[in-house]
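Step one of this worksheet: look at the structure below.
The values are calculated or read from the model by the stated rules, or taken from the named source; none is laboratory data. Predicted model, so just to flag it, every value in this text is computed and none were measured. Heads up, the Cβs are rebuilt from the backbone with ideal geometry, glycines too, and the neighbour counts pull from every protein chain shown. For accessibility, only protein heavy atoms count, side chains too; no ligands or nucleic acids. Shrake-Rupley method; radii C 1.70, N 1.55, O 1.52, S 1.80 Å.
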Amino acid sequence: MEKRLPLDFSGRWFVKISGDSLTKTSYICAMVLDKGIAKKTAELLLQINAIKLEPENPFTWASGWKSPIYCDNRVMLSYPEIRNFVREEMAKQVENLYGKPDVIAGVATGAIGIGILVAEALGLPFIYVRPEPKSHGRQNQIEGNLESGQSVVVIEDLISTGKSSLNAVRALKEQGANVKGMVAIFTYGFPVASTNFEEENVELHTLSDYDHLVEQASETHYIKESQLKTLLQWRTNPQQWK
């Protein structure tokens with residue numbers, strides 16, 4: 001059961017999740033704008049195994065963390081109906097939140113594909129940002145044409161800690177871009193990500209998140225009740241979870 005309490009002065013929801021002997025209280029950014037879209041996005045990503053939930057056979061992330069969830073949103077590019085849904089919903093969010101910026105920027109490499117689709121839907125120029133400058137040629141970190149002072153909305157596929165996403169934002173700002181905010185497909189909702197985005201003063205919105213994913217998976221019996229408890233426990237301390 002999830003209980004949402006009033007927003008505090010910073011615009012964050014206080015969230016309390018409880019079930020059986022598990023009780024957790026934390027705060028997360030109110031990043032999801034539409035609950036229906038969040039659950040629909042989660043449902044589609046589960047259907048095509050872009051998101052996998054395997055509590056009994058956890059994955060090992062590059063960071064070394066053990067996790068009952070693995071997310072690769074690039075899979076949806078192979079499914080025209082689903083990628084069109086994601087493209088249209090992300091384009092709507094960009095326009096509703098920020099109007100039409102001058103440029104759409106994708107974070108390499110995961111968000112290049114969806115970033116291009118969103119830019120195309122909005123009829124806007126597209127650029128993408130590498131993790132670091134190339135070691136040869138023009139040594140670009142930003143690929144494409146960006147002029148100082150242009151407004152940019154950044155497109156991302158997945159938010160974990162937010163470090164790589166914010167690295168892209170810093171690179172854009174160093175080139176004189178006016179970064180309006182970031183729109184991503186999915187976030188795990190880690191408090192460290194909320195902290196990182198707050199410290200960089202970057203606004204983040206996502207189509208879906210871990211809470212809506214777990215809710216959708218439970219309601220559609222994609223997971224069992226025992227697995228639900230494991231998934232909630234993982235979120236309380238993912239670094240130490242085994």
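Numbers at a glance
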| read-out | value |
| --- | --- |
| Subset tally (residues that are closer than 29 Å to Tyr70 by Cα and among the acidic types (Asp, Glu)) for the range 130-187 | 4 |
| Which numbered condition Met182 fails, given (1) open to solvent by less than 30 Å² (accessible area, probe 1.4 Å); (2) part of a helix (DSSP H, G or I); (3) over 17 Å from Leu45 (Cα atoms) | (2) |
| Selected residue (only one of Glu219, Glu203, Glu215 is surrounded by fewer than 19 Cβ atoms within 10 Å (Cβ to Cβ), under 23 Å from Leu45 (Cα atoms) and in contact with a strand residue (DSSP E or B) (Cβ under 9 Å, 6 or more places away or on another chain)) | Glu215 |
| Tally of residues being hydrophobic (A, V, I, L, M, F, W, C), within 12 Å of Val183 (Cα to Cα) and out of contact with any Asp or Glu (no Cβ under 7 Å at 6 or more places or on another chain) across the range 193-214 | 2 |
| Members of the range 230-242 found to be surrounded by fewer than 16 Cβ atoms within 10 Å (Cβ to Cβ) and touching a Pro at 6+ places or on another chain (Cβ under 9 Å), listed by number | Trp241, Lys242 |
| The range 145-169, residues that are β-branched (Val, Ile, Thr) and open to solvent by 10 Å² or more (accessible area, probe 1.4 Å) | Thr161 |
| The range 31-74, subset open to solvent by 40 Å² or more (accessible area, probe 1.4 Å) and in contact with a Pro (Cβ under 7 Å, 6 or more places away or on another chain), residue nearest to Met90 (Cα to Cα) | Glu54 |
| Scope the range 87-123; condition assigned to a loop (DSSP other than H, G, I, E, B), touching a strand residue (DSSP E or B) at 6+ places or on another chain (Cβ under 7 Å) and open to solvent by 30 Å² or more (accessible area, probe 1.4 Å); matching residues | Asp102 |
| Failed item in (1) under 26 Å from Gln233 (Cα atoms); (2) open to solvent by 10 Å² or more (accessible area, probe 1.4 Å), with Thr187 passing the rest | (2) |
| Given (1) touching a Ser or Thr at 6+ places or on another chain (Cβ under 7 Å); (2) surrounded by 15 or more Cβ atoms within 10 Å (Cβ to Cβ), number of the condition Pro131 does not satisfy | (2) |
